Structure formats: structure tokens, C-alpha cells
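For reference, the structure is listed below as C-alpha cells.
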Amino acid sequence: VAETSLDKITETYPSQDAFDQLRIADDKAMKVLQKHGLNKALAQMPIVSFPVNFGYEGKRSIGIRTMITNDFMTGDIALPGRDLPIDVIHEMVTEILKDSSIARVVYDLTSKPPGTTEWE
């Protein structure tokens, strides 16, 4: 059983490998939205890579933030079960986790404000 400690970090630098992993995760998530006709329901869906490996040495994690906004000055999260079907979120996670270099997928529920529409 892998540790769930947040202090387990995979050293990560801008590299072809890191960028490819992120591009593939983004593509998989977008294809699931398109398959279900939901790609126009969201204003933005940043897919981010972060180096917490949750005890899986050498792996990184992926975050998904689904935003609904008209002006990008403020925004709400597409809530699971209300704005975005839970089975669609599960399908995105399942597809992304097919990449064996990914430790975990998280769903970010931070609205704007206090957060940004992106991760910074």
C-alpha cells in the first residue's frame, strides 16, 4: 500500500516527458467531455501536473479544475453531480490513470475568487 503523505515529491523540471504527460492527460479529459457533448458546458478546464507522488516513487499527479464563467473575472466550479455528471468525471479519471506514470488525479473545487481560473 502506498503512503498518502503529501511530502512525497517527484523532482520535476520543464521537460519533454513532463509536457507530454500533461498533453496526454489534457487530451484524454477533453475527449471524454466531447464524447458526452459537454465540452461547451465549461468555460475552461485546466489540467495541471503537480509533483506530489503519494508514495509512488517517480510519479506525478494531475489536477482537474472545471470552470463556469461568463467574464473570467469570477467563476464557479462545475460541481460534480450538478453541472457535470459524476460518471463523466470518473471516466476522465479512469482514462488519465491509464498512464502508469500518474500517481493520482484530483478534482479541484476552488472557485474564483479566491482562486484563479488557472493554477498558479
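The values are calculated or read from the model by the stated rules, or taken from the named source; none is laboratory data. Since this is a predicted model, take the numbers as computed values, not measurements. No Cβ is skipped: glycine too gets one built from the backbone with ideal geometry, and neighbour counts run over all protein chains shown. Side chains included, ligands, DNA and RNA excluded: accessible areas come from the protein's heavy atoms. Shrake-Rupley method; radii C 1.70, N 1.55, O 1.52, S 1.80 Å.
Of everything in the stretch 40-52, what is under 13 Å from the mean Cα position of the chain (by Cα) and either part of a strand (DSSP E or B) or basic (K, R) (or both)? Give them in sequence order.
Q44, I47, V48, S49, F50
Starting from the stretch 82-102, take each residue that is free of Cβ contacts under 8 Å to residues at least 12 places away in the same chain and list its partners that are crowded, with 16+ Cβ neighbours inside 10 Å and of a type in the set (V, I, T), counting only C-beta distances under 8 angstrom and pairs at least six apart or across chains.
Correct list of pairs: L97/V105.
Picking from Q34, Q21, which residue would you name as being assigned to a helix (DSSP H, G or I), open to solvent by less than 60 Å² (accessible area, probe 1.4 Å), of a type outside the set (V, I, T) and out of contact with any helix residue (DSSP H, G or I) (no Cβ under 6 Å at 6 or more places or on another chain)? Before you say what the answer is, go through the steps one by one.
Numbers: Q34 fails: open to solvent by less than 60 Å² (accessible area, probe 1.4 Å).
Within the list Q34, Q21, the selection yields Q21.
Considering each of L109, L97 in turn, give the residue that is surrounded by 14 or more Cβ atoms within 10 Å (Cβ to Cβ) and either of a type in the set (A, V, I, L, M, F, W, C) or in contact with a helix residue (DSSP H, G or I) (Cβ under 7 Å, 6 or more places away or on another chain) (or both). Spell out the reasoning first.
Values: L109 fails: surrounded by 14 or more Cβ atoms within 10 Å (Cβ to Cβ).
Just a single option satisfies the conditions, and that option is L97.
Just give me the residues in the stretch 98-120 being outside any strand (DSSP E or B) and in contact with a strand residue (DSSP E or B) (Cβ under 6 Å, 6 or more places away or on another chain), in sequence order. Give the derivation first.
At the first step, the residues of the stretch 98-120 found to be outside any strand (DSSP E or B) are 98-101, 108-111, 113-120.
Answer for the stretch 98-120, where residues must be outside any strand (DSSP E or B) and in contact with a strand residue (DSSP E or B) (Cβ under 6 Å, 6 or more places away or on another chain): D108, L109, S111, T117, W119.
Output the residue which, of all residues in the stretch 53-63 that are assigned to a strand (DSSP E or B) and out of contact with any helix residue (DSSP H, G or I) (no Cβ under 6 Å at 6 or more places or on another chain), is farthest from E95 (Cα to Cα). Please lay out each step first, then the result.
Applying the first criterion (assigned to a strand (DSSP E or B)) to the stretch 53-63 yields 60-63.
Next, only the ones that are out of contact with any helix residue (DSSP H, G or I) (no Cβ under 6 Å at 6 or more places or on another chain) stay: 60-61, 63.
Numbers: R60: 15, S61: 14, G63: 14 Å.
This residue is R60.
Would you be able to tell me the number of residues in the stretch 73-89 that are touching a strand residue (DSSP E or B) at 6+ places or on another chain (Cβ under 6 Å), part of a strand (DSSP E or B) and open to solvent by 50 Å² or more (accessible area, probe 1.4 Å)?
Going residue by residue through the stretch 73-89, those that are touching a strand residue (DSSP E or B) at 6+ places or on another chain (Cβ under 6 Å) are 74-76, 78, 86, 89.
Checking the rest, the ones that are also part of a strand (DSSP E or B) come to 75-76.
Now restrict to residues that are open to solvent by 50 Å² or more (accessible area, probe 1.4 Å): 76.
Residues in the stretch 73-89 being touching a strand residue (DSSP E or B) at 6+ places or on another chain (Cβ under 6 Å), part of a strand (DSSP E or B) and open to solvent by 50 Å² or more (accessible area, probe 1.4 Å): 1 in total.
What do you reckon, is N70 out of contact with any Phe, Trp or Tyr (no Cβ under 7 Å at 6 or more places or on another chain) and open to solvent by less than 40 Å² (accessible area, probe 1.4 Å)? Walk me through it before giving the result.
Details: out of contact with any Phe, Trp or Tyr (no Cβ under 7 Å at 6 or more places or on another chain): yes; open to solvent by less than 40 Å² (accessible area, probe 1.4 Å): no.
No, not satisfied.
Is it the case, given these coordinates, that M92 is out of contact with any His (no Cβ under 6 Å at 6 or more places or on another chain) and either in a strand (DSSP E or B) or open to solvent by less than 20 Å² (accessible area, probe 1.4 Å) (or both)? Steps first, answer last, please.
Values: out of contact with any His (no Cβ under 6 Å at 6 or more places or on another chain): yes; either in a strand (DSSP E or B) or open to solvent by less than 20 Å² (accessible area, probe 1.4 Å) (or both): yes.
Yes, satisfied.
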